[in-house]
1. Spin-label point model (7 Å from Cα, Cβ direction): what's the SER30 to ARG70 distance in nm?
2. Quick one: 3J(HN,Hα) in Hz for segment 26-34, Karplus 6.51/-1.76/1.60 with θ = phi - 60°, rounded, Gly and Pro as x.
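Just so it is clear, none of the values below were taken in a lab; they were calculated from the coordinates. Predicted model only: the values in this text are computed from it and were never measured. Heads up, the Cβs are rebuilt from the backbone with ideal geometry, glycines too, and the neighbour counts pull from every protein chain shown.
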Amino acid sequence: MSAIKKAKGFKKSKPGTYLTIATSLFGAVSVFKQAKKARFENDKLQLADAVVSAAAIATGVALLVRELKRMGDDDVLAG
């Protein structure tokens, strides 16, 4: 199996999905800092960008959590 196929398989696995969620949440820290700086500088455009970025992260994490639940439903041993 090639490295690319292994990487794609990992991305669709539970550990890969957990890693993607963790990476997304790590990005949320940057967005929080951006929003805090924008509020301090009273920069409404930068604040709007931070809010949109936060919404994108939240949506992405919600989709990943839904995918994890679907993976659990497909597991015969899970009950």
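1. Distance between the two pseudo-spin positions: 2.7 nm.
2. For segment 26-34, the Karplus curve yields 5, x, 5, 4, 5, 5, 4, 5, 4 Hz.
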